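Colleague: Can you keep this structure in mind? I'll have questions shortly.
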Amino acid sequence: MEQILKATQLSKYFYQKKALDKVDLSIEKGKIYGILGPNGGGKSTFLKIAAGLLKPSQGEITIDNEKPGTYTKSIVSYLPEINYLYKWMKIKDAVNFFKDLYADFNAEKARESLKFMELEEEEKVTTLSKGMMGRLKLTLALSRKSKVYLLDEPLNGIDPISREKIITSILDSYSEEASILISSHLIYYIEKLLDYVFFLSEGRIILSGDAEELRNKRGMSIDKLFQEVF
Amino acid sequence: MMTLLKYEIYRRWRWLVLRYAALIIIGAILLNRVSSPAYQYEFIGESIGKFALTSLVIFVIIIIEGINMLKEDLFEECGYLTFTIPNKGRTILASKLVLLFFQLSFWTIISIGFGSILFSKLPYREMVQIKTQINFYFYPTLLFILTAFFNFVLMIHFSLTLTRTLLVNKRYSSLLSTGIFFFLVYFIEKVYYGPFLNQIQYISIEIGSRANTTLLSGGYTAVFLNIILTAIFFTATSYLLENKINI
């Protein structure tokens with residue numbers, strides 16, 4: 001299988017604090033990966049470096065053999081945990097913005113997804129609830145035909161109904177040409193999506209492996225394993 | 001860049017309309033007042049002063065917004081959107097500066113337009129007297145003001161971007177940005193302008209005065225130095241935005 005993202009000895013320090021400590025990680029095309037760990041474990045930092053928002057202190061990360069930059073931003077679809085849309089936007093403005101600025105954005109798919117997510121295009125982003133905002137962000141991120149999807153805590157603070165819709169959308173977006181990297185500490189809900197998992201704690205990968213193999217080898221679900229490890 | 005410019009305008013169009021509408025309405029009210037046959041000449045100067053003050057306030061707002069255009073993206077959550085779109089740092093920065101240039105152009109047109117009409121209401125004798133006192137070469141003066149304006153804004157943009165490169169924590173960012181800015185002001189005056197200071201030291205008010213050709217030559221030197229400095233700050237800020245910032 002072809003590697004699409006590769007991190008080698010990747011470290012990130014915030015003053016004295018090590019957010020990532022010599023992380024080696026690679027992901028292949030056509031698989032869904034989970035970066036799992038408690039809050040503050042370094043999951044978001046890793047995704048932000050891959051998205052080109054943070055610079056590594058040491059080590060290297062490449063996506064499609066390029067360091068994060070203008071090219072990788074054109075093939076990486078990033079969903080941050082925070083509400084990053086401009087406050088002046090209505091939902092339709094956000095869709096138009098993505099259509100205008102990402103060549104791989106499929107506006108038709110986005111509009112269909114908005115219907116599925118029960119979102120109205122005329123609504124202002126500032127009036128959306130957390131669940132609605134989560135659904136909108138996911139719609140925007142998954143309506144791109146990217147090589148890599150980076151989803152940072154897509155289920156955090158989301159109500160159970162929205163969670164189901166989000167998981168369905170992620171599954172629908174699966175393609176053999178794309179890789180999906182999901183960070184979460186809500187393992188129970190995303191476990192069924194994952195092909196491969198990385199357990200990240202205090203900036204280090206303490207356990208990794210094929211999800212099915214880990215379940216068989218340890219005789220427990222990934223969720224239970226997560227509770228045991230942390 | 002045009003797409004980014006379009007969204008920069010979308011982002012702020014209400015404020016843009018509001019500020020120019022305010023300037024035009026105040027100008028029109030003052031003009032209407034001085035055009036009245038009952039209006040006495042002594043108060044025309046007062047109307048010109050009021051309009052100049054309004055115009056100055058709008059100018060300060062334009063500068064503040066010019067700075068905030070980048071500051072918002074660097075220090076607020078919307079930066080996650082701005083800096084994950086596949087555009088070069090120079091494109092992102094240029095879109096903001098072009099909008100700033102448009103704003104400045106509108107402001108200049110409206111201010112000069114109303115200012116000239118108000119000025120023409122003065123008695124002929126006073127007009128001639130004032131015109132003799134303010135006797136500028138137009139182009140060097142305009143170029144100097146324009147390049148100094150963009151230099152100033154870009155120096156602040158650079159200070160903010162460098163701060164975002166050095167600091168992830170937002171707590172001390174204002175302090176650091178201010179420190180970097182004042183260091184740059186000091187450094188540029190002493191080292192960059194230093195060798196030319198004798199030539200350009202009077203330009204701030206008297207640049208391009210027809211009465212003094214030495215000052216005119218000093219004005220062009222300053223314009224030339226400003227253009228180089230603008231290019232340096234634009235390149236450096238673009239580079240940091242693209243390669244070094246931590247959002």
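Here's the yes/no breakdown for (1) more than 14 Å from chain B (Cβ to nearest Cβ); (2) more than 22 Å from A:Ser146 (Cβ to Cβ); (3) modelled with pLDDT of 95 or more:
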| position | (1), (2), (3) |
| --- | --- |
| A:Met1 | yes, no, no |
| A:Phe14 | no, yes, no |
| A:Ala19 | no, yes, no |
| A:Leu25 | yes, no, no |
| A:Ile32 | yes, no, no |
| A:Gly37 | yes, yes, no |
| A:Gly40 | yes, yes, no |
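Colleague: Now for a different question. Only one residue in A:Ser183, A:Ser146 is touching a residue at least 24 places away in the same chain (Cβ under 8 Å), buried (at least 17 other Cβ atoms within 10 Å of the Cβ) and assigned to a loop (DSSP other than H, G, I, E, B). Which one? I'd like the intermediate steps shown before the answer.
Modeller: Working: A:Ser183 fails: assigned to a loop (DSSP other than H, G, I, E, B).
Of A:Ser183, A:Ser146, the one residue that is touching a residue at least 24 places away in the same chain (Cβ under 8 Å), buried (at least 17 other Cβ atoms within 10 Å of the Cβ) and assigned to a loop (DSSP other than H, G, I, E, B) is A:Ser146.
Colleague: I've got another one for you. Among the listed residues A:Thr127, A:Thr139, which satisfies the condition of being away from chain B (no Cβ under 11 Å) and touching a helix residue (DSSP H, G or I) at 6+ places or on another chain (Cβ under 7 Å)? Talk me through it step by step, then tell me what you get.
Modeller: Numbers: A:Thr127 fails: touching a helix residue (DSSP H, G or I) at 6+ places or on another chain (Cβ under 7 Å).
Sole residue among the options that is away from chain B (no Cβ under 11 Å) and touching a helix residue (DSSP H, G or I) at 6+ places or on another chain (Cβ under 7 Å): A:Thr139.
Residues are listed down the side, and each one gets a yes or a no for (1) buried (at least 16 other Cβ atoms within 10 Å of the Cβ); (2) within 30 Å of B:Arg14 (Cβ to Cβ); (3) within 14 Å of chain A (Cβ to nearest Cβ):
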| position | (1), (2), (3) |
| --- | --- |
| B:Ile85 | yes, yes, yes |
| B:Ile92 | yes, yes, yes |
| B:Leu100 | yes, yes, no |
| B:Leu104 | yes, yes, no |
| B:Ile110 | yes, yes, no |
| B:Leu122 | yes, no, no |
| B:Ile130 | no, no, no |
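Colleague: Suppose we filter region A:92-125 for residues that are over 21 Å from A:Tyr149 (Cα atoms) and of a type in the set (A, V, I, L, M); how many remain? It would help to see each step written out before you state the result.
Modeller: Taking region A:92-125 and keeping what is over 21 Å from A:Tyr149 (Cα atoms), we get A:92-93, A:115, A:118-125.
Among the residues that remain, those that are also of a type in the set (A, V, I, L, M) are: A:119, A:125.
So the count comes out to 2.
Colleague: Any idea which of A:Ile82, A:Ile63 is among the aliphatic types (A, V, I, L, M), over 14 Å from A:Ile205 (Cα atoms) and surrounded by fewer than 22 Cβ atoms within 10 Å (Cβ to Cβ)?
Modeller: Details: A:Ile63 fails: surrounded by fewer than 22 Cβ atoms within 10 Å (Cβ to Cβ).
None of the other options fit; the residue is A:Ile82.
Colleague: While we're looking at this one, here's another question. Return the total of residues in region A:99-120 being surrounded by 20 or more Cβ atoms within 10 Å (Cβ to Cβ) and facing chain B (nearest Cβ under 9 Å).
Modeller: Result for region A:99-120: 1.
Colleague: Right, A:Asp21: touching a Gly at 6+ places or on another chain (Cβ under 7 Å) and either free of Cβ contacts under 8 Å to residues at least 12 places away in the same chain or acidic (Asp, Glu) (or both) or not? First the steps, then the outcome.
Modeller: Working: touching a Gly at 6+ places or on another chain (Cβ under 7 Å): yes; either free of Cβ contacts under 8 Å to residues at least 12 places away in the same chain or acidic (Asp, Glu) (or both): yes.
Taking the combined requirement at face value, the residue satisfies it.
The values are calculated or read from the model by the stated rules, or taken from the named source; none is laboratory data. Note that the structure is a prediction, hence the values are computed from the model and not measured. With ideal geometry, Cβ positions are generated from the backbone for all residues, glycine too; neighbour counts draw on all protein chains shown.
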